[in-house]
1. According to the square roots a ≥ b ≥ c of the eigenvalues of the Cα gyration tensor, what is the shape class of the range 37-162, taking rounded for a/c under 1.5, prolate for a/b larger than b/c otherwise, and oblate for the remainder?
2. What number, in percent, do you get for the relative contact order of the range 57-106 if the mean sequence gap of Cα pairs under 8 Å and at least 6 apart is divided by its residue count?
3. Restrict the search to the range 61-158; then list the GluC sites (Glu not before Pro) that DSSP places in a loop and that have at most 13 other Cβ atoms within 10 Å of their Cβ.
4. Please work out the C-alpha center-to-center distance from the range 104-162 to the range 38-55 and express it in whole Å.
5. List the aspartates and glutamates whose Cα sits under 18 Å from the Cα of Lys70, skipping any in the same chain fewer than 8 residues away.
Amino acid sequence: MSDAVGGLVSRKHLAGLLACLGVALGGCGATSKEVAVQNAKPGDLLVEADGSRVELVRAFTPGIANGLHKGVVKITSDAQDAKKQMYEVTAICSVKGEPGWQAYDNIYGDPISDLNAKRTFPVKGRWQFLFHYDGRTEKTGSLESSAWVSRLKDNLCRKGDFDDT
């Protein structure tokens, strides 16, 4: 009888162990979820788009009612020659149809390599995108248009998938 009970106990332990192992392995392949900027902490993923990941390095400073200023993000890409690049980013968000507000969202960034370095302006390599409400996008600077820029704008301006109203 003890062998039968011992065998039953061993099978329960084995089944439990296999269940735990399955849960652990299932979590290994899981990808990080994007975090809305208002809930993000340094190191959190803000945006993942077209093989690029945008992580928060330094929190944004709230400005006037529609602005987030001088947050630092790190961009990494799945590309073979992928480099990590940090940008100090500012977003000035607008409200569609609101009198006196611009008819576009504005996001711009300056490449940086040192969080503590004093920056002088204008910065070589600055980029800027104006996302007009009529669907046009104006771009200045050397940064190529990329899906992460538009998605980051949505996160910073709490629009699209990030709309929490």
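Rule-based calculations on the coordinates, nothing more; no lab input. Just so we're clear, the structure is a prediction, and the values are computed from it rather than from any experiment. When we count neighbours, we look across all protein chains shown, and the Cβ atoms used for this are built from the backbone with ideal geometry, even at glycine.
1. Judged from the Cα gyration tensor, the range 37-162 comes out rounded (a/c under 1.5).
2. After rounding, I find 28 percent.
3. Counting only loop positions with at most 13 other Cβ atoms within 10 Å, the GluC sites (Glu not before Pro) in the range 61-158 are Glu144.
4. With the range 104-162 and the range 38-55 each reduced to a Cα centre, they are spaced 15 Å.
5. Those aspartates and glutamates meeting the cut-off are Asp44, Glu55, Glu88, Asp105, Asp110, Asp114, Asp154.
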